[in-house]
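Worksheet for the structure shown next.
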Amino acid sequence: MANQQHDQSNHGITKQAQVVVVMVPLPAQGHLNQLLQLSRLVLSYNIPVHYVGAITHNRQAKHRVHGWDPEAAANIHFHDIEIPPFHCPSPNPNAKIKFPSQLQPAFNASSHLTEPVSTLLRVLSCKARKVIVIHDSLMGSVIKEAHSLRNTESYTFHSVSGFAVSLYIWEQKGKTMEENELFPRDVPSLEGCFTDEFADFIAYQYSNFQKFSTGYVYNTCKLVEGAYIDLLEKETIKEGIKHWALGPFNPVTIPERSKGSKKKHFCLEWLDKQAINSVIYVSFGTTTTLDDEQIKELAIGLRESKQKFIWVLRDADKADVFNGEERRAELPKGYEDSVDGIGLVMRDWAPQLEILAHPATGGFMSHCGWNSCMESISMGVPIAAWPMHSDQPRNTVLITKILKIGVLVKEWVLGDEIVTSKIVESAVNRLMASTEGDEMRKRAAEMGESVGRSVAEGGVSRMEMESFIAHITR
Ligand SMILES: *[C@@H]1O[C@H](CO)[C@@H](O)[C@H](O)[C@H]1NC(C)=O
């Protein structure tokens, strides 16, 4: 097969054994998962990986990983740090700003990792020839110690698209979008994307790494965002920052279930019975909570579209996902019976990557979090974009206007207006049952195939990874 992942076991250069990598993720699912996936890739080059987090967040990361054999994680050194208890409020479905402010206590509590991480880095730096820290851009303050150790280098992982980061750096330099043809005219501003509290948090974390970081790491692929990675190189040449597009981090093929492993998930069995490209997968990730009225409109819109669907209906994560019950959102009375055989409503954790990889899945209604975008792109599935907060409105521009592999469900400028069932119905049909949708599906499939090839021997993503590994082990 052309598209094997970077998991050839024999990259064994002795020099590499003396280099260790330390991953420091932000405790939010999309972030935990991306660095866990990257850990697996780095490990495949026989480089020891240490993954640091609070006990509950490491547990969350391991518990929810999918698309690869969890036993592969056995070789990652998890440092489960005990931190003081933090507040764990439920998400507020009626909040005006959709940013998951209920996670802020966990973000704040990460400051308790600073001491243990410093100790770990000091210990490793005595034993290893070189220590490489790959930290989330929002954990800059936790890895301060890295700057004072002689044999330690830090790399910043940006969990968002190259498009979003290049635009951010462009604007930081006081330039306008109109000055660069790479940015479409009407990219939304960041207004309404974050809470003020989180904006302050970002600024504080950035102030702690910007002077020190030697490279930026992205879960993206030059085939998808090459122009933006080039722009980033150009814009940061003075600062000497290197940019590494090492994605996709997620596997591009799903391994066959080996005998004796867990039973196939019921939703995958349901998909097995559906026609090719006939199902739209609906999920807004782990940081979105819809209010009752919106849930009702979405429910009716999906039903009226007459398309098959899998809908993951859950509230956003809390700061500790193992702490207490989730709200069970109400559906219109008798709804599930009324869509029997047509739609599947799931309340639990869904094997998203496997759903996207399934031939029956022909579209993805998504909030356009970057993790979801990358998974959809690598599985060749076009998107119906419904951005909620953070970088999502901008990712939506990338998906719909630049890559042209998606339709818009909701214009960001509409703010907190309800998306009616009619809008949902028409977006679903535009993606799943129109010539325009078919063309997007074709483009998405082609992009998925080339991204798949890019991680195989000689592919652009594989070469970027090899060059990164050579660089950190130099
Ligand atoms: C997080 O930390 C900031 C800065 O110290 C503080 O102002 C804010 O109240 C904290 N928020 C939460 C939810 O703990």
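Working only within the stretch 414-427, note down all residues that are in a helix (DSSP H, G or I) and either buried (at least 24 other Cβ atoms within 10 Å of the Cβ) or in contact with a helix residue (DSSP H, G or I) (Cβ under 9 Å, 6 or more places away or on another chain) (or both). Those that are in a helix (DSSP H, G or I) and either buried (at least 24 other Cβ atoms within 10 Å of the Cβ) or in contact with a helix residue (DSSP H, G or I) (Cβ under 9 Å, 6 or more places away or on another chain) (or both): SER421, LYS422, ILE423, VAL424, GLU425, SER426, ALA427. Applying the criterion of being touching an Asp or Glu at 6+ places or on another chain (Cβ under 8 Å) and closer than 22 Å to THR288 by Cα to the residues of the stretch 164-194, the residue that is nearest to the ligand (Cβ to nearest atom) is CYS193.
Please go through (1) small (Gly, Ala, Ser); (2) farther than 17 Å from PHE198 by Cα; (3) surrounded by fewer than 20 Cβ atoms within 10 Å (Cβ to Cβ) for ALA109 and return the number of the only condition it doesn't satisfy. That leaves (2) as the condition not met. Might you let me know whether the stretch 147-156 holds any residue that is farther than 16 Å from GLN392 by Cβ, within 16 Å of the ligand (Cβ to nearest atom) and out of contact with any Gly (no Cβ under 7 Å at 6 or more places or on another chain)? Within the stretch 147-156, not a single residue is farther than 16 Å from GLN392 by Cβ, within 16 Å of the ligand (Cβ to nearest atom) and out of contact with any Gly (no Cβ under 7 Å at 6 or more places or on another chain).
Looking across LEU268, LEU298, one residue alone is aliphatic (A, V, I, L, M), over 30 Å from HIS87 (Cα atoms) and surrounded by 23 or more Cβ atoms within 10 Å (Cβ to Cβ). It is LEU298. Is it the case, given these coordinates, that ASN3 is at pLDDT below 95, surrounded by fewer than 21 Cβ atoms within 10 Å (Cβ to Cβ) and at positive phi? Spelling it out, it is not the case that ASN3 is at pLDDT below 95, surrounded by fewer than 21 Cβ atoms within 10 Å (Cβ to Cβ) and at positive phi. ALA72 satisfies every condition listed in (1) aliphatic (A, V, I, L, M); (2) surrounded by fewer than 18 Cβ atoms within 10 Å (Cβ to Cβ); (3) modelled with pLDDT of 95 or more except (3). In the set SER467, SER461, SER450, only one residue is buried (at least 24 other Cβ atoms within 10 Å of the Cβ), polar (S, T, N, Q) and modelled with pLDDT of 95 or more; that residue is SER461. Taking (1) closer than 14 Å to VAL49 by Cα; (2) within 16 Å of the ligand (Cβ to nearest atom) in turn, HIS77 satisfies each apart from (2). In the stretch 195-233, the residue that is farthest from SER39 (Cα to Cα) out of those that are of a type in the set (Phe, Trp, Tyr) and more than 16 Å from the ligand (Cβ to nearest atom) is TYR228. Could you look through the stretch 111-125, keep only residues that are within 16 Å of the ligand (Cβ to nearest atom) and either in contact with a helix residue (DSSP H, G or I) (Cβ under 6 Å, 6 or more places away or on another chain) or outside any helix (DSSP H, G or I) (or both), and pick out the one that is farthest from ASP80 (Cα to Cα)? Among residues in the stretch 111-125 that are within 16 Å of the ligand (Cβ to nearest atom) and either in contact with a helix residue (DSSP H, G or I) (Cβ under 6 Å, 6 or more places away or on another chain) or outside any helix (DSSP H, G or I) (or both), the one farthest from ASP80 (Cα to Cα) is THR114.
The values are calculated or read from the model by the stated rules, or taken from the named source; none is laboratory data. Keep in mind the model is a prediction, meaning the values are calculated, not measured. Note that each Cβ is placed from the backbone with ideal geometry, even for glycine, and that neighbours are counted across all protein chains shown.
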